[in-house]
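Heads up: the structure comes next, in structure tokens.
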Amino acid sequence: MHIANAAKARFRANRTGKMKVGRCILAEKPRPSAPFQVTSLRLRELERIITNRFGVVLPETDDADIFIEVAAYALNARCHQDGLDLDPVLTGWCARWAPWALPRAGTVIRPILNKLVGRKYDMKADDVARRLLISMWERTAFELRTIGAHDIPTRVRKGIAKSVKRSNDRARQTAKRRAKGVQPRESWLAAHSLSKARPWDAEGISRAQWYRRHGETGPSLVGRTTKSDTLVSSVPAVPLQEAPSWGPSSLTLAEKSFVKTPEGPPSGRNAAVVLGTSGVVVALSSKQHSSLQSRHGAVNADGGTEQCDVEEGLRQMGVAS
């Protein structure tokens, strides 16, 4: 069966309880007879305490009724969930674990039943631990989860549980790394003792420079992603041209604003043209400059400029005279 089909079958089995491929039922997950209840786990842990402390049956002692009371609280919460009567249920539990209480039901069982009238919830974990005097050692040894410890507060127990979980997780991750063949840190440092010797300190240079000198590493490569990417060193440098210095009285303002290039007429996006004899300097775009050249012959063949009508030039640029 394909991996994708198997994954879909498992996912469908988790939802419906049936592992199916198409309409074919491959397997059916057995359904539990009853849902999980915390009260049932509390009863199992209480019975574990009785077995480890006293044996098969709870003996008839002065504090034996405390165990019956703790069991009655757990049974009462479960009876409220299932809609059952507590009296026969508690009597059946006492018949197994405290048979001596049945002849004395009026003095042992009945006061407990009267105390639980109108109560729906179980006893708290720390209250059970104080009544039964459960120590942290017993809680850990008996693997109790629904019963606390009377000698250590809840906040400290949560911190201990968090520390234990962290240690277990670290041990599990270490085992996974060892299974993959990863060396321990001590073994790796022993094989690579150069980091401990630090020869670059003796030579007075940095670690990276020491590795480069001894051929351990090389310079980093600069990758180019596209054809247009070029290195800075490959671009030819363009020498800067110094602009001519004009004297303060040699040229007028109009003549300073217009500089003739050796190749020909003014070029560029905004070229300056002197209009008329009045020395008006107008900045033209390339489109306007070419139109003015073609229609009015404002530029000579040798690159000089001719004087044209001011009114005509302004009208071509859309400027009112």
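Quick look at the numbers
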read-out: Subset of the stretch 195-210 [farther than 22 Å from R185 by Cα, part of a helix (DSSP H, G or I) and open to solvent by less than 50 Å² (accessible area, probe 1.4 Å)]; value: W200, W210
read-out: Helices (runs of 4 or more DSSP H) contained entirely in the stretch 1-101, each with at least 1 residues that are open to solvent by 80 Å² or more (accessible area, probe 1.4 Å) and at pLDDT below 70; value: 3-16
read-out: Test: residue in the stretch 103-110 that is in contact with a Pro (Cβ under 8 Å, 6 or more places away or on another chain), modelled with pLDDT of 90 or more and not in a helix (DSSP H, G or I); value: no
read-out: Meets criteria (modelled with pLDDT of 90 or more, in a loop (DSSP other than H, G, I, E, B), surrounded by 10 or more Cβ atoms within 10 Å (Cβ to Cβ) and under 36 Å from the mean Cα position of the chain (by Cα)) for G159; value: no
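The values are calculated or read from the model by the stated rules, or taken from the named source; none is laboratory data. Everything quoted here is computed from the prediction, not taken from an experiment. In this analysis, Cβ positions are derived from the backbone assuming ideal geometry, glycine residues included, and neighbour counts consider all displayed protein chains. To get the accessible areas, we keep the full protein, side chains included, count just its heavy atoms, and leave off ligands, DNA and RNA. Shrake-Rupley method; radii C 1.70, N 1.55, O 1.52, S 1.80 Å.
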